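None of the figures in this text is laboratory data; all of them are computed from the coordinates on show. Given the structure is predicted, the values throughout are model-derived calculations rather than measurements. Glycine gets a Cβ as well: all are built from the backbone with ideal geometry, and neighbour counts include every protein chain shown.
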Amino acid sequence: MSETSGQERSPLTDIQRSPLTDIQLSPPTKTRRRLSVAIIARNAAEALAETLVCIRNLADEIVVLDTGSTDETPMIAERLGAKLYRRPWDESFAAARNACLTHVSGDWVLWLDAGERLEHDEGRLLREFVDEQVDLATAYLLRIALPGREPLVAGEQVACVRLHPNRPGLIFHGRVRESLTRSLFAFGMKLEHLPLTLHRGERDHEQEAKAAKAERNIRLADLQIVERGQNADLLNCLGEACQTLGRHEAALGHYQRAKELAEPASAEMLEAYYGLLTCLESIPAKAANNQVEADAPSQNRTAQIALCMEALEMFSLDAQLLCALGGYLQSLGQRELAARSYEVAYRHGQVEPEIWHLRDIREVAAVCRSALLQLDGNDDAALTLLSEAWSAYPESLRIGRQMVELHVKHGRRDEALLAVSKLSTELPGKQNWRTAVQGACAATAANWMAAKTFLETAYRGGCRERFCLRWLCVTLLA
């Protein structure tokens, strides 16, 4: 597995941060700065190979610190051109990263975890940025993206400090959720966001690896609490780990304590609210006699709504809180209030980039709002909203799919096929989509023979989209 302890948090708000904007390269300086890629790894042979292949044209030096692998990780590192060093694992990510830094010789350090990769032109953009734009008084945050577990489940992302100058005295602190914050503050350095993404793969969803990571993080957080005492970040770490392991009541307690210790309106407080809301999804409401209530779901929904409203007093435009509130209200039949929540999330929602959040949260809000408009019989307004949202997010498969379905619902074959043609080139089986759309439109016109032919052809071609399966079932039952 990759040697990562989770997101890096920066509790000191004095460090300046710039907004996340597009990279604008200044005139070339014709100076190539040496870029070292640093990786700590253990038992991550396959994942490490993917990362090393991805960055071999980017780095001037690759340093891999192995912390006790029993697989082929060390051999893979050396075979693919990395400088390999070994160090026994001593229950501290900060110690491992600082040891790795002692072997780095480049001017700048890019931290990667095994399994992370840069896609498309992002490696080239990063290389150009290092050569032409970097500031020695600045450390840079990059986005870390995790894919969704299913095609229609939104992926998540978080911004972490991954690029910084190789400067004596710039070191990590913390056994878990290790951070450069203290050193950056001491040197008077600032933080800036780069609009570049490090992509992780499906293996991050493997339950066995997630459970092992959670157990490890609990152990490290407990050790650090014994040494330094509790703080909101460590308690959030414990809450996240307990949630992963299904210990929801323990997680609830950790998040509650984190909320109490966190600075008002801080990222740590927001993370605690997220955790509490998720815990309430898994813990049944209980009566005074400790028996599960018959109406436990609605009891918890009421508690979640109250908690959301409390959180929104400090994080009034947080898109995730607003979408969550919309979902809770909708589940209780309060569609008008739910619609307002989705509307605000779509038009004005914000995210805290240094906390894990849904990558396309505003797109989710737009689709949820359009769905409520359709439930209210206002399909024209739903189409207008989706068209506007798709113009804002032209690469969104989520919005594009909804556009296709809405056109099909009204038998608008040509418009639906045009929408399919605009879907991202990354959509697998686009021709099958076109075939399924023709079948679905035939079904809306009660032309069942043609519908059956088209939809079965799409299915035999490998289309397993819910859209195709739903219309195929409707047709076969007609």
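Points to keep in mind about this one:
- Packing around the peptides 362-368, 373-379, 128-134, taken as the average count of other Cβ atoms within 10 Å per residue, puts them in this order, highest first: 362-368, 128-134, 373-379.
- Taking chymotrypsin sites (Phe, Trp or Tyr not before Pro) across the range 41-118, the ones in a DSSP loop with at most 16 further Cβ atoms lying within 10 angstrom of their Cβ are Trp89.
- Structure-derived mean projected area of the Cα convex hull in nm²: which label, when the choices are (1) 35.6; (2) 76.5; (3) 25.9: (3)
- Angle between the chain longest axis and helix 267-282 axis [Cα atoms, degrees, rounded to 10]: 50
- Cβ crowding within 10 Å averaged over residues, with 166-172, 136-142 ranked highest first: 136-142, 166-172
- For the range 406-478: rounded, prolate or oblate by the Cα gyration tensor [a/c cutoff 1.5]: oblate
- Extension gain, Arg182 to Ala381: 0.36 nm times the residue separation minus the Cα-Cα distance gives 66.6 nm.
- DSSP bridge pairs, the range 35-203: antiparallel proportion in percent, nearest 5: 35
- Multiplying the residue separation of Arg86 and Ser424 by 0.36 nm and subtracting their alpha-carbon distance yields 117.3 nm.
- Principal-axis analysis of the Cα atoms of the chain puts helix 448-460 at an angle of about 20° to the longest axis.
- Under the Karplus curve 6.51 cos²θ - 1.76 cosθ + 1.60, θ = phi - 60°, whole-Hz ³J(HN,Hα) for the range 438-443, x wherever Gly or Pro sits: 4, x, 5, 5, 5, 5
- Estimated from the Cβ-Cβ distance and a Förster radius of 60 angstrom, the FRET efficiency linking Trp448 and Glu313 is about 0.65.
- Remark: spin-label model distance Glu150-Glu208 equals 2.4 nm, labels positioned 7 Å along the Cα→Cβ axis.
- Taking amide H as placed 1.01 Å from N in the peptide plane, the amide H of Gly68 sits under 5 Å from that of Arg87, each at least 5 places away or on another chain.
- Scanning residues 5 or more positions from Ile62 or on other chains, those with amide H under 5 Å from its amide H are Val37, Lys83, with H placed 1.01 Å from N in the peptide plane.
- Taken one residue at a time, the phi angles of the range 215-229 give Karplus couplings (6.51, -1.76, 1.60, θ = phi - 60°) of 4, 4, 5, 4, 4, 5, 5, 4, 4, 5, 5, 4, 6, 10, x Hz. Gly and Pro are set to x.
- Evaluating 6.51 cos²θ - 1.76 cosθ + 1.60 at θ = phi - 60° for every residue in the range 307-323, the Karplus couplings come out as 5, 4, 4, 4, 5, 5, 5, 9, 10, 5, 10, 5, 5, 5, 4, 5, 5 Hz, glycine and proline recorded as x.
- Taking each of Lys190/Lys213; Lys210/Lys422; Lys83/Lys190; Lys409/Lys430; Lys422/Lys452 in turn, the alpha-carbon distance tops 28 angstrom for Lys190/Lys213; Lys210/Lys422; Lys83/Lys190.
- Helix 335-348 vs. the chain, principal-axis angle (Cα, 0 to 90°, nearest 10): 50
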